[in-house]
Amino acid sequence: MRLNASEKIISAALDVFKQKGFHRASMEEIAKQAEVSKGLAYNYFRSKEHLLAAVMERRFNEDEGLIQGIDEISGALNKLATILDRLFDEVKKDTMLYKFYLTVFLQPDAPEAIRRIGNTSEKIRRQWAKIFEVHRAIFSELGVADPKAEVIYFRSLTTGIVAEYVMEPKNYPLEKMKAHVLHMYGMKKGGGD
């Protein structure tokens, strides 16, 4: 399948960002990687920040795959296990990608650059709200006293697990952590599904 110029530039940007980080990457390097002129790259994206926003928007659109079809799965723990399987499979498949995404949000100016680009920021906010609601419904089904707080805790927990994994993927017990999380929620519910 042939990618259009915009998609080629976004894919190239992601590759260069993963290799060099956001701040050390240049539009010239990204254009070269995409096999387009620097002028064409700027024609599609006014700045590196706009390009970062497009990369992040793509990422959040991919996140929807983590919750796709969850409603069709019976049992809250099975739903949670499926989400964890999908997340951890993605992290294992492209560890450098997740390392990049985590570092973007740790940069003091990168999240603000994305927020400044209103349309993308709004799309990302809506996507996060959709995912939040799926998680909230799962924790409600599990009978958690404060499902909204539990979603925040769960996201913090899984973000921490992903961060630990991307720092040392060969030695981190990812499957053991997944089993522990599921066991923890099974105990909160008072057993399995």
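The values are calculated or read from the model by the stated rules, or taken from the named source; none is laboratory data. Everything numeric here is computed off the predicted structure, so don't read it as measured data. Each accessible area value is taken on the protein alone, full model and side chains, heavy atoms only, with ligands, DNA and RNA left out. Shrake-Rupley method; radii C 1.70, N 1.55, O 1.52, S 1.80 Å.
Heavy atoms only, probe 1.4 angstrom, no DNA, RNA or ligands counted: give me D146, D94 ranked by accessible area, highest first.
D146, D94
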Query raised in the report: Of all the accessible heavy-atom surface of the chain, with the other protein chains kept in place and a 1.4 Å probe, what percent is carbon and sulfur?
Result: 52 percent
**Report entry** Mean shadow area of the chain over all directions, Cα convex hull, nm²
**Finding:** 11.9 nm²
Report task. Run the 1.4 Å probe and let me know the accessible area of H180, rounded to the nearest 10 Å². Result -> 100 Å²
Query raised in the report: 222 nm [θ] for the chain, helices only, -39500 (n - 2.57) per DSSP H run of 4+, per residue, to 500?
Result: -25000 deg cm²/dmol
**Report entry** Where D71, D85 fall by accessible area, highest first, once all protein chains stay in place (1.4 Å)
**Finding:** D71, D85
